[in-house]
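Just so you know, all these numbers are worked out from the coordinates, no wet-lab data involved. As the structure is a computational prediction, the values presented were derived from the model and not from experiment. Glycine gets a Cβ as well: all are built from the backbone with ideal geometry, and neighbour counts include every protein chain shown.
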2 protein chains.
Amino acid sequence: MLSRYLDDFKVGEVFRLGGYTFTEGEIIDFALRFDPQPFHLDVAAAGDSIYGGLIASGFQSIAICFRMFIQSGILAQSSMGSPGIDDLRWLAPVRPGDTLHTEVEVVEIKPSRSKPDRGIARLRYSAINQHDETVARFVLNHLLKRRAAAT
Amino acid sequence: MLSRYLDDFKVGEVFRLGGYTFTEGEIIDFALRFDPQPFHLDVAAAGDSIYGGLIASGFQSIAICFRMFIQSGILAQSSMGSPGIDDLRWLAPVRPGDTLHTEVEVVEIKPSRSKPDRGIARLRYSAINQHDETVARFVLNHLLKRRAAAT
């Protein structure tokens, strides 16, 4: 997959990225720093929760999902950051040993009216586990350079 | 601030949490793990970007913002997780040396119709810097136990 500019994306295109296995250690470490709730931190307490065992913080799932796309290099030349995310949903728990891969679908491309060198690509991220179940999804608005800006 | 159940929150209430100073080291460390883009990782490249210098990953800002509320203990007895986030907006860059504090406003309380022991609290998180500028905000849907579930 080559580096893309705004103009290079087509609505409906889907990128499928490699997997990442969530270990107990990484789940607990992330939770200690960013989401210290018993069902993310404490195996015994998590067993007594509605989840019946330790689950990953939802912030960890989406951060990993995003990272898998960023590290693909597809946006390496064009990314200028992001104004925000819409409709973030956590749909199923992520447990130690689960492997997620990321799918990214191009939802909409909006060249800027005021700045001809850039625009917004709305990309729908899905985190999908080894049972083909979507565990999280969100639409991220990427501010991207247009190809003209590169010349 | 004592631990609260769903029934204990009132729409319009605001909780103001303590501050967190973003250091260059933490910004780069977070970016390396979760958001490896030049303007989060590389001081020289960031200087040449539209931001004119290193900025924190937006995922770091929201994770820290969330953590400040969780560590207050307000949800310690009641939190059952979250189905998702609405309307996440990154409004201004966060730079090394910036201090953010978190404000959390109660937007809506919705007891479950099918499960009398729980419900959803919609809480609007704002990350506010030392110049009183809101740099990020989002509405998180918290699944919380009702007080009846504790007895």
Open item on the list: So the label point sits 7 Å from Cα along the Cα-to-Cβ vector; using that for B:Ser114, what distances do you get to the other copies, in nanometres, sorted shortest first?
Closed with: 4.6
Task: Charged-residue dipole, Cβ positions (Lys, Arg, Asp, Glu), the stretch B:85-131 about Cα centre, Debye nearest 20 - done: 240
- [ ] For the stretch A:50-151, run through the chymotrypsin sites (Phe, Trp or Tyr not before Pro) and keep only the ones in DSSP coil with at most 16 other Cβ atoms within 10 Å of their Cβ.
- [x] A:Tyr51
Task: Cα long-axis angle, helix A:58-70 against chain A (0 to 90 degrees, to the nearest 10) - done: 40
Task: For the stretch B:6-150: rounded, prolate or oblate by the Cα gyration tensor [a/c cutoff 1.5] - done: prolate
Open item on the list: How would the stretch B:8-63 be classified by its alpha-carbon gyration tensor: rounded, prolate or oblate, with rounded meaning a/c under 1.5 and the a/b versus b/c comparison settling the rest?
Closed with: prolate
Task: Long-range lysine pairs (8 or more apart or interchain), the protein assembly as shown, Cα under 30 Å - done: 10
Task: Hull volume in cubic angstrom per residue (convex hull over the Cα atoms of the stretch B:24-106) - done: 121
Open item on the list: Can you compute the helix-only [θ] at 222 nm over the protein assembly as shown? Use -39500 (n - 2.57) per DSSP H run of at least 4 residues, normalise by all residues, nearest 500 deg cm²/dmol.
Closed with: -6000 deg cm²/dmol
Task: Distances in nm from A:Glu24 to the matching label points in the other copies, shortest first (labels 7 Å along Cα to Cβ) - done: 4.0
- [ ] Treat every Asp and Glu Cβ in chain B as -1 and every Lys and Arg Cβ as +1, leave all other atoms uncharged, and give the resulting dipole magnitude about the Cα centre to the nearest 20 debye.
- [x] 1020
Open item on the list: When a/c reaches 1.5 or more, the comparison of a/b and b/c decides; with that in mind, is the stretch B:33-78 rounded, prolate or oblate per its Cα gyration tensor?
Closed with: prolate
Open item on the list: I'd like the orientation of helix B:24-34 relative to chain B: the angle between its Cα long axis and the longest Cα principal axis, in ° from 0 to 90, rounded to 10.
Closed with: 70
TODO: Please give the net charge around B:Glu133, taking every other residue with its beta carbon less than 15 angstrom from that of B:Glu133, where Lys and Arg add +1 and Asp and Glu add -1.
DONE: 0
TODO: Springs between alpha-carbon atoms under 10 Å, Gaussian network over chain B: tell me which of B:Ile70, B:Ile28, B:Ile50 tops the mean-square fluctuations.
DONE: B:Ile50
- [ ] Provide an ascending nm list, one decimal, of label-point separations from A:Ala76 to the equivalent residue in each further copy; define each label point as 7 Å from Cα along Cα→Cβ.
- [x] 4.7
Open item on the list: Could you check the spin-label model distance between B:Val11 and B:Ser114? Points 7 Å from the Cα along Cα→Cβ, value in nm.
Closed with: 2.4
- [ ] State which stretch of chain A is the longest one without any exposed GluC sites (Glu not before Pro), exposure meaning a DSSP loop state and at most 16 other Cβ atoms within 10 Å.
- [x] A:14-132
- [ ] Please work out the ratio of the alpha-carbon Rg of the protein assembly as shown to 2.2 N^0.38 Å and round it to two decimals.
- [x] 1.00
- [ ] Take every Cα pair under 8 Å in chain A that's 6+ residues apart, average their separations, divide by the length, and report that relative contact order as a whole percent.
- [x] 31
Open item on the list: Compute the distance from the alpha-carbon center of the stretch A:7-64 to that of the stretch B:1-75, in whole Å.
Closed with: 17
